[in-house]
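Notes follow the structure.
The values are calculated or read from the model by the stated rules, or taken from the named source; none is laboratory data. Remember, predicted model here, so these are calculated numbers, not experimental data. Here Cβ is always computed from backbone atoms with ideal geometry, including for glycine, and neighbour counts include all displayed protein chains. Keep in mind that these areas ignore ligands, DNA and RNA; they rest on the heavy atoms of the full protein, side chains included. Shrake-Rupley method; radii C 1.70, N 1.55, O 1.52, S 1.80 Å.
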Amino acid sequence: MGLRMISVRNEYCGIVEKKGGEKAQSQDEIAAAIESENLTKIYHDDIRAVDGTSFSVRSGEIFGLLGPNGAGKSTTIKMLVTLTKPTSGRLRVFGVDVSTSPEAVRAMMGYVPQSLSADGDLSGYENLLIFAKLSYVSKKDRAERISQALQYVELSDRADDLVKYYSGGMMRRLEIAQAIVNRPRVLLMDEPTIGLDPASRTQVWRIIKQLNHEFGTTILITTHDMNEADVLSDRIAIMSVGKIVATGTPADLKRTVGGDIITLQLLSEPPTIIPIEIGKVIQTSDHTIQILTEDGEEAIPLITDYLRGQQVKIESISINKPSLDDVFMKYAKRRLDEEVPLHTTGAIRDRRNIVRHKA
Ligand SMILES: Nc1ncnc2c1ncn2[C@@H]1O[C@H](COP(=O)(O)OP(=O)(O)OP(=O)(O)O)[C@@H](O)[C@H]1O
Ligand SMILES: [Mg+2]
């Protein structure tokens, strides 16, 4: 893919390279790509889908909105792409307000919706042609832009096949091609890998990373998958029931959980005391002890020395780094996969769509 991309690189959306590039920062890079201030969306039946969120996405970063079903992720994205209006608050894209200048905002944007949007009875090429026209790609540029977008997502050789014969992964890649055919400055992806098998998921991740790295495209993804948020995002906002409960880099957020957890399986009873400078005992049972430490790797030799001195034999040791699920637990007081409210079946419905198209 690397070689193919060179052909589109210098033309793609006129965005300066961010990562690895040495160009000076432009005004746009300094400005926030997306700014949300006290953003609220109340649907007609009094559902507070988004409840006063404030966040900022920097130009050129991959920003993850992580939250379970019904958190308000899709509603946030729909307000950004001007598909639904905020009830109150402000939302700006590169300084342009979505409420007062929706056309200008749309022109900067590419959007991969959570539900499949490609038409199964048209070919991949035809779907892209419609998107190119809808997003005002000029007639003279269309053929070239479509061909580059197809190359980018590795679908050139399947461009003339009907989309209903595509696999779920191919459909997702086609939708990414649709979203980038107008060379957007900001790409919004709503659950980009939902329902995909691990190989297709990895392929989509690679495309997302590459778009960001090669062209500095600002990318906002939503996901309920902590691993996806962790792997892809420069920064994350954790959403729960319409609110943002924490924001930061994955590493910073995990650090707020308070250190590494070391679990020791012992061949005899654990000692009654562990010196505080080693760590804090958080759980003991028959032959198991769990210790919270600031740095697991540094603490292990101290712990083994201490236990040896106490004539306690160790069977096994493991270090668990905090996950984003632990972070979610800390701030939202529940696990990411806990409790799916009955009225929020969006994600489940979309998985079914993929299966139906495949058949
Ligand atoms: N058009 C609508 N009318 C009324 N309520 C809606 C509408 N769209 C979403 N909601 C409700 O708003 C809340 C947030 O939904 P939203 O789709 O934004 O969540 P989400 O985080 O994207 O969830 P999922 O992971 O299931 O896609 C939910 O309670 C949902 O039922
Ligand atoms: Mg959603």
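In the stretch 177-194, the qualifying residues are those that are open to solvent by less than 10 Å² (accessible area, probe 1.4 Å) and either without any contact (Cβ under 8 Å) to a residue 12 or more places away in the chain or away from ligand 2 (no atom under 16 Å from the Cβ) (or both), and the one that is farthest from L65 (Cα to Cα) is V181.
In the stretch 249-341, counting only strands (runs of 3 or more DSSP E) that sit wholly within it, the ones holding 2 or more residues that are open to solvent by 60 Å² or more (accessible area, probe 1.4 Å) span 280-285, 314-320. Among the residues making up the stretch 72-87, those that are out of contact with any helix residue (DSSP H, G or I) (no Cβ under 9 Å at 6 or more places or on another chain) and open to solvent by less than 40 Å² (accessible area, probe 1.4 Å) are G72, K73, T75, T76, I77, M79.
Exactly one residue out of S123, S147 is in contact with a strand residue (DSSP E or B) (Cβ under 8 Å, 6 or more places away or on another chain), at negative phi, away from ligand 1 (no atom under 16 Å from the Cβ) and of a type in the set (S, T, N, Q): that is S123. Exactly one residue among I62, I130, I42 is more than 10 Å from ligand 1 (Cβ to nearest atom), among the aliphatic types (A, V, I, L, M) and closer than 25 Å to K243 by Cβ, and that residue is I62. Could you please let me know if V50 is over 14 Å from the mean Cα position of the chain (by Cα) and open to solvent by 10 Å² or more (accessible area, probe 1.4 Å)? No: the conditions fail for V50.
In the stretch 195-230, the residue that is farthest from ligand 1 (Cβ to nearest atom) out of those that are of a type in the set (A, V, I, L, M) and open to solvent by 10 Å² or more (accessible area, probe 1.4 Å) is A199. Evaluate the stretch 342-349: report whether one residue or more is modelled with pLDDT under 85, of a type in the set (K, R), in a helix (DSSP H, G or I) and open to solvent by 30 Å² or more (accessible area, probe 1.4 Å). Within the stretch 342-349, one or more residues are modelled with pLDDT under 85, of a type in the set (K, R), in a helix (DSSP H, G or I) and open to solvent by 30 Å² or more (accessible area, probe 1.4 Å). In the set (1) in contact with a Lys or Arg (Cβ under 9 Å, 6 or more places away or on another chain); (2) more than 22 Å from Q178 (Cα to Cα); (3) within 16 Å of ligand 2 (Cβ to nearest atom); (4) not aliphatic (A, V, I, L, M), the condition left unmet by P113 is number (2).
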